[in-house]
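**Student:** First, the structure itself, so that you have it in front of you.
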Amino acid sequence: MKKAVLSSLLFLLFSLLAQAVCNVIPLPQKYEEHKTQKCPVAKLKTKPAVKMLKKIDGVPEHAQAEAYLLTITAAGAKISATSKLGIANAQKTLDQMLWAAELDKSQTVPACKIKDWPAYPYRSFMIDCGRSYIPIKDLKGIIDFLAARKINVFHWHLTDNQGWRLESKIYPKLNAPASYERDPGKFYKFSELREFVDYCYARGVTVVPEIDVPGHNRAFVKAMGFDPQSEQGLVAVKRLLTEAFENAFPQLDKTPFFHIGTDEVRIDDTNFVPAVRKHVRDAGRKVGIWNPGAQVAPGEVDLVNMWSSRGCPLTGTLSVDGRLHYLNHFDGFADPVAVLFSNFGGVPECNGTIGGGEAAIWADRYIVGTEGLLQNNAFHASMLAFAESVWRGGRKDLFKTQGVNIPFDGEELEYFKDFERRELYVKREMGKAFPWVPQADIIWRITDEPFDNGGDFKKAFPPEKEKSLAGFKTRLARGAAIYLRHVWGEDTVAGFFKNPQKNSTVYAEAFIKSDKAQKIGAYIQTHYYSASEPDLPPPAGKWDYFDSKVWINGKELPPPDWKNSHKNKSQEIPLQNENWTTRPPMQIQLKPGINRILFKLPAGTFSLPQLRLSRWMFTFAPVSLDGNAPVKSIEFVNPESVK
């Protein structure tokens, strides 16, 4: 307990020391800046001096290999570390500082001293290419983004019901177009796999390939004509693994782990998993599995990925927390907040069993193109938050307990604002390709006693006739997206209401001060669609299935023209413009002075046939008309100052 409290206090202390000066994500553990001294950017572009150490004082033993000291003076940069990993991490920090200086068009970087190390050694991102094929060139772009933020593992889900994406010369039917349910005939050749592994390794990222057996196997059964758990199936799986080891992933130092899945399937053949596990280990590989998945005892596998609320660590075994880290269920504003302030496996740093965390994109629903996939999954905002949290550590709660609320005041709010300041550098570089703007200063006044609508979502209540909510019982909230009720499967996640009531109508207002009459863009939505569910699109002419409404200065804002209009659920009908992250910002008109934004948010039973995860929420964030940048000529005012 004392250790956890100390870690949290250090987290806050070092955050405050680094505010408004260090432009790096993840934020270094310790940062001290010289008040006046600067170093020319040109000097920092030369190779820094390097010194190898046996140990760095004050760094946990589990982090010594990745820890580093970085000193920048007027004369240049010096790096001290215990290994090449530490040197590489220091260089990534230095590269980000130079990148930020160039975006600022600055010729100098502040002189500083950094002592840094990761709270968790295993910092992973998983993407599902078994269901939806992603070109290698796009995967390389993803790796570049992650590696720069010190994500050091890429878990590559290569097989699933929709397709077997790994080349096989001994069983070519696996790659025949007829064996695929999606992206027919698209798979990765051995040469592509080897080259991509080399690409990742050169950037400090270890690839963990996955062939998921014995479940998620329709592509296998379709091609082979038998089940993996049959006698023939076990022989084939072993041959496929050997083929992959020899041709796709031949270097043990670059792919030391191999993941065999074992989740979401009834295992009738009790010999199957032990036999596959032994085959992988006999080839010199470490074995990874999902939990929940096959039942194993300590020592029988080398890596456990906890994936659902029932996921548990395995004593004495590297256990990685991926519970509630599925980006396919994330919105672009609120869910990343929960990740930023959450710990992994219930501990603030590596404890010998909990080794870190994994964020994932599951491609259950078909989405056209990599850009659409990343935007519907809120990839950039989420992974920046994840990278910070899994490196920094010190967090005290898990995702669902911490919840999606931005801290309203205090040191945590100041830390969050500084994190957004650093995120803004990414927005400046990427523009509309990173659909996000800072949200800490967006303040809402929300009715705290829901109005009973009796199931009539059109029913109007007194707030619609008033100029503000000042006369009603209200509470304040911060953020561009507010979850009145957040749900993850059967689990609830802490949101605005502790006990959201069915058949309720809630009103939320915010006030924008504009220095002139102007048209701006805005990200607006009342339900964010999971990127992995077959949910139906909103009804034409409505924001959602609860008949929510939005007014700008008393004028109702119509919803977008939804491109999808189908009535039957299907994973194969792509999401199009359902989510604000994938459509141009809506145009709104502001007047000089104070402008009122009002949401009417009815809810029914929270269980709809059209949606699996019925989340009660709303999103509003001003942005430039082209989506490239925040709007500088406006500011949000505290609603309590408006009567």
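**Student:** What FRET efficiency comes out for ASP448 versus THR242 if R0 is 56 angstrom and r is the Cβ-Cβ distance? Round to the nearest 0.05.
**Tutor:** Working: r = 62 Å, r/R0 = 1.11.
The value I calculate is 0.35.
**Student:** Modelling each spin label as a point 7 Å along the Cα-to-Cβ direction, I'd like the ASN628/LYS542 distance in nm, to one decimal.
**Tutor:** The two pseudo-label positions are separated by 3.9 nm.
**Student:** Rounded to the nearest 0.05, what FRET efficiency do ILE267 and LEU413 give with R0 = 60 Å and r taken as the Cβ-Cβ distance? Could you check? If you can, show how the numbers build up before the last one.
**Tutor:** Details: r = 48 Å, r/R0 = 0.80.
Between ILE267 and LEU413 the formula returns 0.80.
**Student:** Are there GluC sites (Glu not before Pro) in the range 148-193 that DSSP marks as loop and that have at most 16 other Cβ atoms within 10 Å, and which are they? Write down the numbers at each step before the final one.
**Tutor:** Numbers: sites: GLU167, GLU181, GLU192; in loops: GLU167, GLU181.
Here the GluC sites (Glu not before Pro) that fit, given the DSSP loop and packing criteria, are GLU181.
**Student:** What would the Debye formula give as log10 I(q)/I(0) at q = 0.17 Å⁻¹ for the alpha-carbon point model of the range 422-469, no solvent?
**Tutor:** At q = 0.17 Å⁻¹ the computed log10 ratios are -0.69.
**Student:** Could you tell me the distance between the Cα centroids of the range 195-270 and the range 617-643, to the nearest Å?
**Tutor:** Cα centroid of the range 195-270 versus Cα centroid of the range 617-643: 48 Å apart.
**Student:** Right, another one. What number, rounded to the nearest 500 deg cm²/dmol, is the helix-based mean residue ellipticity at 222 nm of the chain, given -39500 (n - 2.57) per DSSP H run of at least four residues and division by all its residues?
**Tutor:** Working: 13 runs with 154 residues, N = 643.
Theoretical 222 nm ellipticity from helices: -7500 deg cm²/dmol.
**Student:** Which of ASP138, ASP183 has the fewest other C-beta atoms within 10 Å, and how do the rest follow up to the most? Before the final figure, lay out each step's value.
**Tutor:** Values: ASP138 15, ASP183 18.
Final ranking by Cβ density, sparse to dense: ASP138, ASP183.
**Student:** Just in the range 587-641: which trypsin sites (Lys or Arg not before Pro) are loop by DSSP and have at most 11 other Cβ atoms within 10 Å? Show your work: numbers first, answer last.
**Tutor:** Details: sites: ARG596, LYS600, ARG612, ARG615, LYS632; in loops: ARG612, ARG615, LYS632.
Within the range 587-641, the qualifying trypsin sites (Lys or Arg not before Pro) (loop, at most 11 other Cβ atoms within 10 Å) are LYS632.
**Student:** How much of the DSSP beta bridge set in the chain is antiparallel, as a percent to the nearest 5? Write down the numbers at each step before the final one.
**Tutor:** Working: 68 of 107 bridges.
Roughly 65 percent of the beta bridges in the chain run antiparallel, per DSSP.
**Student:** For a paramagnetic label modelled at 7 Å from the Cα of GLU33 toward its Cβ, which residues of the range 67-110 fall within the zone defined by backbone nitrogen distances under 16 Å?
**Tutor:** Only 71-74, 94, 96-110 fall inside the zone, counting backbone N under 16 Å.
**Student:** Mind scanning LYS47/LYS137; LYS55/LYS396; LYS78/LYS432; LYS54/LYS150; LYS137/LYS432 and naming the pairs with a C-alpha gap bigger than 30 Å?
**Tutor:** Working: LYS47/LYS137 28 Å; LYS55/LYS396 28 Å; LYS78/LYS432 36 Å; LYS54/LYS150 22 Å; LYS137/LYS432 21 Å.
Flagged as over cut-off: LYS78/LYS432.
**Student:** Which stretch or stretches of the range 419-453 have amide N atoms under 17 Å from the point lying 7 Å from SER106's Cα along the Cα→Cβ direction?
**Tutor:** 419-429
**Student:** Sequence neighbours fewer than 8 away in the same chain don't count; with that in mind, list the lysines whose C-alpha is under 16 Å from LYS502.
**Tutor:** Correct list for LYS502: LYS458, LYS459, LYS600.
**Student:** Please order GLU264, GLU61 by the number of other Cβ within 10 Å, starting at the fewest.
**Tutor:** Numbers: GLU264 13, GLU61 8.
Going from least to most buried by this count: GLU61, GLU264.
**Student:** Given an 8 Å cut-off on Cα distances and at least 6 residues of separation, report the relative contact order of the chain as a percent. Present the calculation step by step, with values, prior to reporting the outcome.
**Tutor:** Values: 1459 pairs, mean separation 76.7, N = 643.
The normalised contact order for the chain reaches 12 percent.
**Student:** Using the C-alpha atoms of the range 509-585, what convex hull volume per residue, in cubic angstrom, is computed? Walk me through the numbers on the way to the answer.
**Tutor:** Working: hull volume 8.3 nm³, N = 77.
For the range 509-585, the hull spanned by Cα atoms encloses 108 Å³ per residue.
**Student:** Let me ask something additional. How much of the DSSP beta bridge set in the range 122-402 is antiparallel, as a percent to the nearest 5?
**Tutor:** If we restrict to bridges inside the range 122-402, about 10 percent are antiparallel.
**Student:** Further, regarding this structure: Counting only residues 5 or more places away or on other chains, whose amide H sits under 5 Å from the amide H of GLY261 once H atoms are built in the peptide plane?
**Tutor:** Placed amide hydrogens put VAL213, TRP290 under 5 Å from GLY261.
**Student:** In whole angstrom, note down how far apart the Cα centers of the range 411-437 and the range 129-181 are.
**Tutor:** Between the Cα centres of the range 411-437 and the range 129-181 lies a distance of 30 Å.
**Student:** What residues have an amide H closer than 5 Å to that of LYS286, excluding those fewer than 5 places away on the same chain, when H is modeled at 1.01 Å from N in the peptide plane?
**Tutor:** Distant-sequence amide H within range of LYS286: PHE257, PHE258.
**Student:** Using the Karplus curve 6.51 cos²θ - 1.76 cosθ + 1.60 with θ = phi - 60°, what ³J(HN,Hα) values do you get for each residue of the range 527-535, in whole Hz, with x for Gly and Pro?
**Tutor:** Listing the rounded values in order: 7, 9, 7, 4, 7, 10, 9, x, 4 Hz.
**Student:** To continue, here is another question. At 7 Å along Cα-to-Cβ for each site, give me the label-to-label distance between VAL368 and THR46 in nm.
**Tutor:** 5.3 nm
**Student:** Take PHE399, PHE606 and order them by how many other Cβ atoms sit within 10 Å, fewest up front.
**Tutor:** On the way: PHE399 25, PHE606 17.
Fewest-to-most Cβ neighbours within 10 Å comes out as PHE606, PHE399.
**Student:** Let me ask another. How large is ³J(HN,Hα), in whole Hz, for each residue of the range 247-256 in order, when computed from phi with the Karplus curve 6.51 cos²θ - 1.76 cosθ + 1.60 and θ = phi - 60°, using x for Gly and Pro?
**Tutor:** Once θ is set to phi - 60°, the couplings for the range 247-256 become 10, 9, 10, x, 9, 4, 5, 8, 9, x Hz.
**Student:** Under a point spin-label approximation (7 Å from Cα along Cα-to-Cβ), what is the VAL642-ARG612 distance to one decimal in nm?
**Tutor:** 3.9 nm
**Student:** Taking a quarter of the surface of the Cα convex hull of the range 430-641, what do you get in nm²? Can you show the working numbers first?
**Tutor:** Values: hull surface 46.5 nm².
Here the figure is 11.6 nm², rounded to one decimal.
**Student:** Can you work out the FRET efficiency for the pair ASN351 and GLU466, with r the C-beta to C-beta distance and R0 = 45 Å, to the nearest 0.05?
**Tutor:** Details: r = 53 Å, r/R0 = 1.18.
For R0 = 45 Å, the calculated efficiency reads 0.25.
**Student:** Follow-up. HN-Hα J couplings of the range 111-121 from phi, Karplus 6.51/-1.76/1.60, θ = phi - 60°, integer Hz, Gly and Pro as x?
**Tutor:** Result, rounded to whole Hz: 5, 7, 10, 10, 10, 9, 6, x, 5, 10, x.
**Student:** I've got another one for you. Given N residues in the range 122-402, what is Rg(Cα) / (2.2 N^0.38 Å)?
**Tutor:** Details: Rg = 17.7 Å, N = 281, 2.2 N^0.38 = 18.7 Å.
My calculation over the Cα atoms of the range 122-402 gives 0.95.
**Student:** From a point 7 Å beyond the Cα of GLU635 in the direction of its Cβ, which residues of the range 405-429 have a backbone N at a distance under 11 Å?
**Tutor:** It comes to no residues whatsoever.
**Student:** Additional query: Using alpha carbons only, what's the Rg to Rh ratio of the range 375-441 with Rh from Kirkwood? Intermediate results must be reported in sequence, preceding the final value.
**Tutor:** Working: Rg = 12.5 Å, Rh = 13.1 Å.
Taking Rg over the Kirkwood Rh, I get 0.96.
**Student:** Give me log10 I(q)/I(0) at q = 0.14, 0.23, 0.24, 0.30 Å⁻¹ for the range 85-132, Debye formula, one equal scatterer per alpha-carbon, no solvent.
**Tutor:** Here log10 of I(q) over I(0) equals -0.57, -0.92, -0.95, -1.16.
**Student:** Report the full-extension gain for the segment LYS502 to ILE136: residue separation times 0.36 nm, less the Cα-Cα distance, to one decimal in nm.
**Tutor:** 127.1 nm
**Student:** Continuing with this model, one more query. How would the chain be classified by its alpha-carbon gyration tensor: rounded, prolate or oblate, with rounded meaning a/c under 1.5 and the a/b versus b/c comparison settling the rest? It would help to have the intermediate numbers written out before the result.
**Tutor:** Details: a/c = 1.84, a/b = 1.20, b/c = 1.53.
In terms of gyration-tensor shape, oblate.
**Student:** Related question: Which of the GluC sites (Glu not before Pro) found in the range 464-495 are loop residues per DSSP with 12 or fewer other Cβ atoms within 10 Å of their Cβ?
**Tutor:** Details: sites: GLU464, GLU466, GLU490; in loops: GLU466, GLU490.
Passing sites in the range 464-495 are GLU490.
No value in this document is a laboratory result; all are computed from the given coordinates. The structure presented is a predicted model; accordingly, all values stated were derived computationally and were not measured. Reconstructed Cβ throughout: ideal geometry from the backbone, glycine too, with neighbour counts over all protein chains shown.
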